[in-house]
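The values are calculated or read from the model by the stated rules, or taken from the named source; none is laboratory data. Note that the structure is predicted; figures quoted are calculated from it, not measured. Cβ atoms come from the backbone with ideal geometry, glycine included; neighbour counts cover every protein chain shown.
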Ligand SMILES: [Zn+2]
């Protein structure tokens with residue numbers, strides 16, 4: 001331990017030396033670097049300049065005016081007119097917090113979110129610390145920022161870079177399934193014999209192998225129950241993914257009261273798991289013609305087949321949650337018929353199952369908090385019930401959270417009725433008519449019932 005301590009202090013000493021390069025630079029010289037873009041163009045020239053005294057941890061205090069700043073540094077002009085560029089990590093956490101507070105637009109949730117992330121990069125992660133204070137203000141201004149704050153906390157805890165989470169928009173972490181190749185005939189899926197399933201498994205395997213070849217990738221292949229995995233993950237991570245997929249399959253089989261031996265897929269479903277971001281994006285483009293933007297996982301429905309592609313990102317929980325979420329879409333496509341649940345139910349169910357299986361996931365609790373704030377502010381959940389992908393109304397910032405909690409509410413109210421409601425839709429009935437039949441509620445009454453339940457519930461429990 002001793003040696004370690006000495007090592008650490010030696011390293012810290014070297015680091016501090018490297019950082020005290022307080023050169024006089026113009027406000028323009030520090031802009032335009034890739035480092036600045038990581039913060040989404042945060043900061044800028046301060047007009048009028050802000051009077052301040054900055055005290056670097058190692059060096060003399062500089063009294064003067066702050067003339068510009070970014071997510072990485074701050075430029076102060078001293079009384080003699082000389083400008084110094086200080087990296088934020090040359091100042092102690094309190095000074096950084098107090099200074100950025102004066103520089104940002106304090107009504108802007110995104111600004112507070114960035115202050116929180118900056119405080120994380122400075123090692124401020126304890127409860128009640130500056131990072132948490134900033135995230136709390138951001139969440140009060142816009143509950144949706146909590147999603148990014150969570151991702152940032154997790155990235156930081158895992159030794160990753162929390163700044164990266166700023167470029168992933170909340171919506172991009174979850175995506176609706178790509179139905180561009182889905183079966184348009186909404187009649188029931190045919191029941192396959194054992195022999196037919198073997199033939200179909202060989203066919204879908206060859207189809208996936210051709211995709212991998214076409215994208216010029218080298219992936220190993222693993223059979224895991226109802227799934228075929230194509231991956232560059234190591235053996236342990238592959239087994240972990242296979243086990244989670246198996247648990248997801250069983251959880252849905254139970255929820256839908258199906259016989260344990262139910263075989264849903266046309267042979268098997270294919271799951272691609274990639275560790276490299278560029279290869280994930282490349283496979284998406286080459287095999288499916290889709291640009292995943294910020295998403296880390298996608299579900300593609302092609303004829304009778306299901307393909308899930310996931311990038312194993314730094315954030316382990318987000319990756320696993322996305323893998324489950326996307327695969328639930330594939331399962332629901334293959335359940336009874338291709339008929340679609342309304343988008344809020346489809347997305348809410350995928351989030352519910354992912355949160356149910358990943359007991360360490362913070363998402364259910366965060367969605368609960370967000371939905372509670374939504375209800376409390378007098379917003380109407382029936383708006384979410386009528387959002388659609390086709391007319392561009394899905395998603396709004398609260399859509400995923402409210403949908404997740406709506407599905408949870410319906411399952412808690414009457415799990416049997418929920419199963420029957422899903423079955424009715426899969427049999428081609430209208431969801432509103434079946435809602436009246438199974439839950440004795442109109443969509444507006446469901447929204448009111450949900451709001452009343454959320455109002456009664458004073459804290460979240462799983
Ligand atoms: Zn989805």
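For (1) touching a helix residue (DSSP H, G or I) at 6+ places or on another chain (Cβ under 9 Å); (2) touching a residue at least 40 places away in the same chain (Cβ under 8 Å); (3) over 23 Å from residue 319 (Cβ atoms), each residue gets a yes or a no:
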site	(1), (2), (3)
367	yes, no, no
375	yes, yes, yes
387	yes, yes, yes
391	no, no, yes
402	yes, yes, yes
434	yes, no, yes
437	yes, no, yes
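In the set (1) surrounded by fewer than 16 Cβ atoms within 10 Å (Cβ to Cβ); (2) under 20 Å from residue 350 (Cα atoms), residue 381 fails one condition alone, (1).
Considering only region 298-318, how many residues are farther than 15 Å from residue 269 by Cα and crowded, with 20+ Cβ neighbours inside 10 Å?
Count: 5.
Of all the listed residues (416, 438), the sole one being over 25 Å from the mean Cα position of the chain (by Cα) and surrounded by 15 or more Cβ atoms within 10 Å (Cβ to Cβ) is 438. Just one of (1) within 16 Å of the ligand (Cβ to nearest atom); (2) touching a strand residue (DSSP E or B) at 6+ places or on another chain (Cβ under 8 Å); (3) part of a loop (DSSP other than H, G, I, E, B) fails for residue 176. It is (2). Residues in region 83-98 that are touching a residue at least 12 places away in the same chain (Cβ under 8 Å) and either more than 12 Å from residue 68 (Cα to Cα) or touching a helix residue (DSSP H, G or I) at 6+ places or on another chain (Cβ under 8 Å) (or both): 11 in all. Screening residue 111 with (1) assigned to a helix (DSSP H, G or I); (2) free of Cβ contacts under 8 Å to residues at least 24 places away in the same chain gives one miss only, at (2). Yes or no: region 146-160 includes at least one residue that is at pLDDT 90 or above and away from the ligand (no atom under 16 Å from the Cβ). No, because not a single residue in region 146-160 is at pLDDT 90 or above and away from the ligand (no atom under 16 Å from the Cβ). Per the listing 244, 266, the residue uniquely buried (at least 18 other Cβ atoms within 10 Å of the Cβ), in contact (Cβ under 8 Å) with a residue 24 or more places away in the chain and touching a strand residue (DSSP E or B) at 6+ places or on another chain (Cβ under 9 Å) is 266.
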